[in-house]
Structure formats: C-alpha cells, structure tokens
Amino acid sequence: MKEKMMLTIGHLYPEKMNIYGDIGNIIALKKRSEWRGFAVNILNISEKNMLKPGIIDIYFMGGGQDQDQIEVYKDLIQNKKKVLQRDIKDGAVVLAICGGYQLLGEYFTMGDGRRAEGLRIVPIETIAPSTKVAQRCIGNIITNLQPTDEIARSGKSTLVGFENHSGRTRFKSDKLIPLGDVLVGTGDNENAKHEGVRFKNIFGTYMHGPFLPKNPHIADEIIKLAMERKYKNKVKLKKLDDTIEWNAHNAVINKFSK
Ligand code: GLN
C-alpha cells in the first residue's frame, strides 16, 4: 500500500501563545490536510521540550500577553533559536500571529518599558507606546495581498481578521514585503498602511480570529509550501468545497468595508 503523505506541525508554546482562538489555525491546517488524504502529526512545543532540526514542516505560534511573551522569548532565544533559524533557512513554513509575529523581529518594547529580545529572523522592530498616550489597535481588519503574490493573481486577494495589539511594528528594510496593504484597520502601525510580512516561507500577521478558517487561500498556500519542501516536488492540492469559508470571509468584507 502506498504510504500516506504526512505533515508535522509544531505548535510553539500552546499554553502561553494561544489567545483569541489562535488554535483554530492548527485545526484548519489539520482538517484541510486530512481532507486531501494527508496524515497530520501535531507536536506541542513548550519550555520543557527540546527542538530537533528537520522534524517540523510547519511552525505555528499564536499571540500572547506581554508577560507570557517575555518568558517565551527567553526560552526561544536560549534553547530553540538555532534550530528554528536552521529550519527556516531550509524552507520550513512558519505562521506567526501577533505576539508570535513580533517575536520574529529584533525586539518588542512594551508599554511599560520592558524589552523582550526577539529572534532577529525578520528585520522588523516592535514598540508599544505607553497606554497613557496611545490605545491598543483593536478591531476588524481587511487587507489586500500584494499584486505580485501568486495567490492574489488567482483572484482571491483579500485577507480578513481581527487585530488586538499594543505593539507597533516597523520594517527595518525597504526590501521587506508586507503580507497585505491595509484597507480597513490599523495593521503594523498607524502610518505604514501595511500589515504582516512574507519572508522566505514565513507568514507573519496581526490577524486573529482565527486567521486561517476565514482565509482558506492562505491555509492552502501554507500546506502546499510545506508539502513541496518536504517531498521536493511540485504539489497541486485537491480543490475543496470552501463555500462556508468564503461566506465567512465575504461577510467580514461586506460588513466592515468602507
Ligand atoms: N502583547 C502583544 C501586544 O499587545 C501581542 C498581543 C497579541 O498577541 N494579541 O502587542
């Protein structure tokens, strides 16, 4: 019998970095893979767990509270940074939401002045102004993928989600490509008008909600990239009936577009 193709998803710090339903992203990746006949193995990776290179196909890290981020950042830098860097360089796919996205950058300075050093994998920095001078960025968010993006060219170019962050993220390189341009909401910061990042096989975003169930085009891109890297072959994913997913996506657009 032919062996099933298999994906391994590494959920980084599921107890601490998993707010606003971020675990729904893992469920979406698992289900959409299984519906195509792939087997899925989910590994929860916490402070106590060792990370070995070459095991994980898709890394996922959700959002977190400032205090939890400080603890997680320390563990990542001390115990997991080298393996993560190596796997990412080798093409591992990463979906990092909000606090997870901030962590990929150089640092996150919190509203009370505490600073958490990041992984420095993506050239971004995040600074949260004091809550006395600025509010959190909270609300529904809609963006447009870059016109050059292969998924956008297939006609499905919008992303929808819900943002809730104090940190304002700035790009430190002109060459960095955002995930989307903001149509509704704040995104990375009030001035930039962009949201999230595409860097190697990394998807960083402020979108919670969770993100993937309402954005099935991105879920499939993540699965496809992971499969192609793992099996070193072009992969064409079987089409699924996404009527419900696109209804949910379009409901957000219809309700909140200006
Ligand atoms: N604590 C971070 C901030 O407020 C990230 C929040 C989140 O992950 N939702 O910016």
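Of the residues that sit in the range 207-230 and are touching a strand residue (DSSP E or B) at 6+ places or on another chain (Cβ under 6 Å) and outside any helix (DSSP H, G or I), which one is surrounded by the most Cβ atoms within 10 Å (Cβ to Cβ)? Don't jump to the end; show me each part of the working.
Just the residues of the range 207-230 that are touching a strand residue (DSSP E or B) at 6+ places or on another chain (Cβ under 6 Å), to begin with: 207-209, 211, 214-215, 222, 225-226.
Imposing the further condition that a residue be outside any helix (DSSP H, G or I) reduces the set to 207-209, 211, 214-215.
On the way: Met207: 33, His208: 22, Gly209: 22, Phe211: 28, Lys214: 24, Asn215: 28.
Top of the filtered list is Met207.
Scan the range 185-206 for residues that are surrounded by 24 or more Cβ atoms within 10 Å (Cβ to Cβ) and in a loop (DSSP other than H, G, I, E, B) and report the count.
4
Yes/no per residue for (1) crowded, with 18+ Cβ neighbours inside 10 Å; (2) among the β-branched types (Val, Ile, Thr):
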| site | (1), (2) |
| --- | --- |
| Tyr13 | yes, no |
| Ile26 | yes, yes |
| Lys31 | no, no |
| Glu34 | no, no |
| Pro53 | no, no |
| Gly64 | yes, no |
| Ile70 | no, yes |
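For Ile121, which of the numbered conditions (1) within 22 Å of Gly187 (Cα to Cα); (2) crowded, with 23+ Cβ neighbours inside 10 Å fails to hold?
(2)
Being closer than 19 Å to Ala28 by Cβ and in contact (Cβ under 8 Å) with a residue 40 or more places away in the chain is the filter; apply it to the range 231-247 and report the residue that is surrounded by the fewest Cβ atoms within 10 Å (Cβ to Cβ).
First pass over the range 231-247, keeping only residues closer than 19 Å to Ala28 by Cβ: 235, 237-247.
Right, trim to in contact (Cβ under 8 Å) with a residue 40 or more places away in the chain and you get 237-238, 240.
Working: Leu237: 15, Lys238: 8, Leu240: 14.
Only one residue fits best here, namely Lys238.
Can you work out which of the residues in the range 72-112 that are surrounded by fewer than 16 Cβ atoms within 10 Å (Cβ to Cβ) and of a type in the set (Asp, Glu) is farthest from Pro123 (Cα to Cα)?
The residue in question is Asp112.
From (1) over 16 Å from the mean Cα position of the chain (by Cα); (2) away from the ligand (no atom under 16 Å from the Cβ); (3) not in a helix (DSSP H, G or I), pick out the condition that doesn't hold for Val160.
Here Val160 meets the rest and fails (1).
Would you be able to tell me the number of residues in the range 124-141 that are over 21 Å from Leu176 (Cβ atoms) and either buried (at least 17 other Cβ atoms within 10 Å of the Cβ) or hydrophobic (A, V, I, L, M, F, W, C) (or both)? Let's see the steps before the verdict.
As a first pass, look at the range 124-141 and keep what is over 21 Å from Leu176 (Cβ atoms): 129-136, 138-140.
Narrowing further to those that are either buried (at least 17 other Cβ atoms within 10 Å of the Cβ) or hydrophobic (A, V, I, L, M, F, W, C) (or both): 133-134, 138, 140.
Looking only at that region, the number is 4.
Identify, by number, the condition in (1) without any contact (Cβ under 8 Å) to a residue 24 or more places away in the chain; (2) under 14 Å from Val93 (Cβ atoms); (3) charged (D, E, K, R) that Arg32 doesn't meet.
Here Arg32 clears every test but (1).
Going residue by residue through the range 131-142, is there one that turns out to be touching a strand residue (DSSP E or B) at 6+ places or on another chain (Cβ under 9 Å), away from the ligand (no atom under 11 Å from the Cβ), over 18 Å from Leu95 (Cα atoms) and modelled with pLDDT under 95?
For the range 131-142, residues touching a strand residue (DSSP E or B) at 6+ places or on another chain (Cβ under 9 Å), away from the ligand (no atom under 11 Å from the Cβ), over 18 Å from Leu95 (Cα atoms) and modelled with pLDDT under 95: present.
Read through the list (1) modelled with pLDDT under 95; (2) charged (D, E, K, R); (3) within 16 Å of the chain's Cα centre (by Cα), then give the number of the only condition that Asp149 fails.
So the condition that Asp149 fails would be (3).
For the list (1) under 19 Å from Arg153 (Cα atoms); (2) modelled with pLDDT under 95, I need the number of the one condition that Lys214 fails.
(2)
The values are calculated or read from the model by the stated rules, or taken from the named source; none is laboratory data. No experiment lies behind these values; they were computed from the predicted model shown. For neighbour counting, all protein chains shown are included, and Cβ atoms are generated from backbone atoms with ideal geometry for every residue, glycine included.
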